[in-house]
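Comments concern the structure below.
The values are calculated or read from the model by the stated rules, or taken from the named source; none is laboratory data. A quick note: this is a predicted structure, and the numbers were derived from the prediction, not measured. In this analysis, Cβ positions are derived from the backbone assuming ideal geometry, glycine residues included, and neighbour counts consider all displayed protein chains.
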Amino acid sequence: MRILYCALDQRVPGTLGGSVHVQAVAEGLAARGHEVHVAAQSAGASPAPGVTWHDARPPFGRPELRWMRTRSMTSLAREIRADAVIERYYNFGGEGVLAASRLDIPAVLEVNAPVVDYPGSAKARIDRGLVVEPMRRWRDRICRRVDLFVTTTADILPAWVDRARVLEIEWGADVDHFRPAKTPRVVPAGGRIQCVFAGAFRSWHGVVHLAAALARLHAAGDERFGATFIGDGPERPVVERVARDLPGITFTGAMPHDRLPAALAAGDIGVAPFDPSRHAPLRLGFYWSPLKIFEYMAVGLPVVAPALPRLARLVESSVEGMLYDPIEPRALDRALVALADDVVRRRMGLAARDRVVRDFSWTAHCAALDARLRALAA
C-alpha cells in the first residue's frame, strides 16, 4: 500500500517521544512492504528504504492551525496515489482525515492524547461559553470520518465510537538498537549504583521525586546511589536545586535519540517516577504508552515506577522491576534500595528485556497495524 502519514506538528529526527514514534512507525510499515510518505517537519531526516519524507509544517508554525493544511495534504495524497492516510491526532488537526475523506480512501487516526475533554478542562468551559461547542463539534466531525483509531486505550475516544473501529495497542521500543551492554555492568565495591531518567522534564514526569529520594537516602547515610538525568525541560532547574549537593549526579541535557541506547545501557536502574496529579488530562486515566519504560526494558534495566494500574500491566513488580505506592512518602526510596543487589538487578533486567521483545517492540506494533491496514484495503 501507498500510505500518507501526516504528523505536521512533529520534528523528525528529534529527541521527544512524538518524533521517535513517527519515525519508528514509518520505517516499521515500510519494512513490511508499504510505501510510506511522511508529511512532517523533517528537514534532515535519515533516508530509509520505502520511506519518503516531505517537509510540511503548520501555518506560521502554529500546530493549532494544522487543519488549514487540508488542501495541501489532499494534493499530496492524490500525487502519490495514496491508498490510505494515517494522521497523528492533534486537537486542531484533521488535515489527513479530511484529505482521505475527499479522496474516498481509508483514514487512520493515531490517538495518544484525549479526544474527549477531561473533568475541569478549560477548553470545555470555553466551548460551553460559545454555546454551540465548536471545538467538540470539530473533533466529532473528524472522528466520524475515521475508519480506524489506533490508541493505547479507547477511554480517551468519544463514547459513541464503535469499538470495532479501534485498535488498542501499546507504542514500543526499537529492540534492535536498544540492547543490553555486551558486558554486564557490575558495580564495584564503593561504586555507585546509577539510576537513569530520560525525558522532557515536565512536571508530570515526576523527575523531582527521584532527586528527592536520592537526597533522603544520602541524608540517611546511604550513598550507594547516583543518577544520570538525560533530557531538558521546564522542571530541570528544580531538579538541579534538589540534587545540588548530592554526589554522583550528572545532567546531560537533551540527547539525540541515536545516542540514547548507549547512555541507558551504561546505567543500572531505569526510573520513571510519573506524577499524574500534576497533569490535569490524566484525570481520565494514565493513557500514555511510556516510551522511556520500554526503552529502559530493552537495554536490560529493571524499571522503578509508581504502581498505577496501567503501569502494572506493563511492568510486573519484583519480576521486571519495582513498582511503588506513590502516596507513601518514602516508597520510591525503598524501591531503589530493593534493587541495590547486582544479582537482583541482573535477573530483573533480563526479564525486562525478554518482556519488551515479546510484547512491546515497534516490530510487534507495526505488525498489528499492518494487519488492520490490509483489512481496510481489502
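Sort out which residues of the range 94-110 are in contact (Cβ under 8 Å) with a residue 40 or more places away in the chain and at positive phi, and write them in order of number. Matches in the range 94-110: 94 only.
Can you find even one residue in the range 197-206 that is farther than 30 Å from residue 92 by Cβ and not basic (Lys, Arg)? Among the residues of the range 197-206, at least one is farther than 30 Å from residue 92 by Cβ and not basic (Lys, Arg), which makes the answer yes. A single entry from 66, 71, 145 fulfils the requirement of being closer than 26 Å to residue 1 by Cβ, touching a Ser or Thr at 6+ places or on another chain (Cβ under 6 Å), basic (Lys, Arg) and not assigned by TED's automatic domain parsing to the domain that holds residue 290: 145. Of all residues assigned to the range 43-50, none qualifies as being in contact with a strand residue (DSSP E or B) (Cβ under 7 Å, 6 or more places away or on another chain) and either of a type in the set (Ser, Thr, Tyr) or in contact (Cβ under 8 Å) with a residue 40 or more places away in the chain (or both). Note on the range 1-111: enclosed strands (runs of 3 or more DSSP E) holding 2 or more residues that are not aliphatic (A, V, I, L, M) are 2-11, 35-41, 51-55, 84-88. Taking the range 38-51 as the range and being buried (at least 19 other Cβ atoms within 10 Å of the Cβ) and out of contact with any Lys or Arg (no Cβ under 7 Å at 6 or more places or on another chain) as the test, the residues that pass are 38, 39, 40, 42, 45, 51. Sort out which residues of the range 265-280 are surrounded by 18 or more Cβ atoms within 10 Å (Cβ to Cβ) and either on the phi > 0 side of the Ramachandran plot or not charged (D, E, K, R) (or both), and write them in order of number. The answer is 265, 267, 269, 270, 271, 272, 273, 274, 276. The single condition among (1) among the aliphatic types (A, V, I, L, M); (2) on the phi > 0 side of the Ramachandran plot; (3) surrounded by 14 or more Cβ atoms within 10 Å (Cβ to Cβ) that residue 156 does not meet is (2). Going by the structure shown, is residue 312 surrounded by fewer than 24 Cβ atoms within 10 Å (Cβ to Cβ) and without any contact (Cβ under 8 Å) to a residue 60 or more places away in the chain? Yes: the conditions hold for residue 312.
Give the residues of the range 179-222 that are modelled with pLDDT of 95 or more and exposed (fewer than 15 other Cβ atoms within 10 Å of the Cβ), sorted by residue number. If the condition is that a residue be modelled with pLDDT of 95 or more and exposed (fewer than 15 other Cβ atoms within 10 Å of the Cβ), then 216, 219, 220, 221, 222 are the ones that fit.
The rows are residues; the columns are (1) within 30 Å of residue 376 (Cβ to Cβ); (2) in a loop (DSSP other than H, G, I, E, B); (3) free of Cβ contacts under 8 Å to residues at least 24 places away in the same chain.
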| position | (1), (2), (3) |
| --- | --- |
| 158 | yes, yes, no |
| 161 | yes, yes, yes |
| 185 | no, yes, no |
| 198 | no, no, no |
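Among residues that are over 27 Å from residue 46 (Cβ atoms) and either in contact with a helix residue (DSSP H, G or I) (Cβ under 8 Å, 6 or more places away or on another chain) or part of a loop (DSSP other than H, G, I, E, B) (or both), residue 294 is not included.
The set of residues in the range 323-378 that are over 19 Å from the mean Cα position of the chain (by Cα), surrounded by 21 or more Cβ atoms within 10 Å (Cβ to Cβ) and part of a loop (DSSP other than H, G, I, E, B) contains only 339.
Checking each residue in the range 241-261 for being outside any loop (DSSP other than H, G, I, E, B) and free of Cβ contacts under 8 Å to residues at least 12 places away in the same chain picks out 241, 259. No other residue among 289, 317 is within 20 Å of residue 334 (Cα to Cα) and surrounded by fewer than 24 Cβ atoms within 10 Å (Cβ to Cβ) apart from 317. Which is at pLDDT 90 or above and under 19 Å from residue 375 (Cα atoms), of 104, 176? That would be 104, the only listed residue that is at pLDDT 90 or above and under 19 Å from residue 375 (Cα atoms).
Going through (1) surrounded by 15 or more Cβ atoms within 10 Å (Cβ to Cβ); (2) over 25 Å from residue 294 (Cβ atoms); (3) among the acidic types (Asp, Glu) one by one, residue 87 falls short only on (2). The sole residue among 116, 150, 175, 161 that is out of contact with any Ser or Thr (no Cβ under 9 Å at 6 or more places or on another chain) and closer than 24 Å to residue 23 by Cα is 150.
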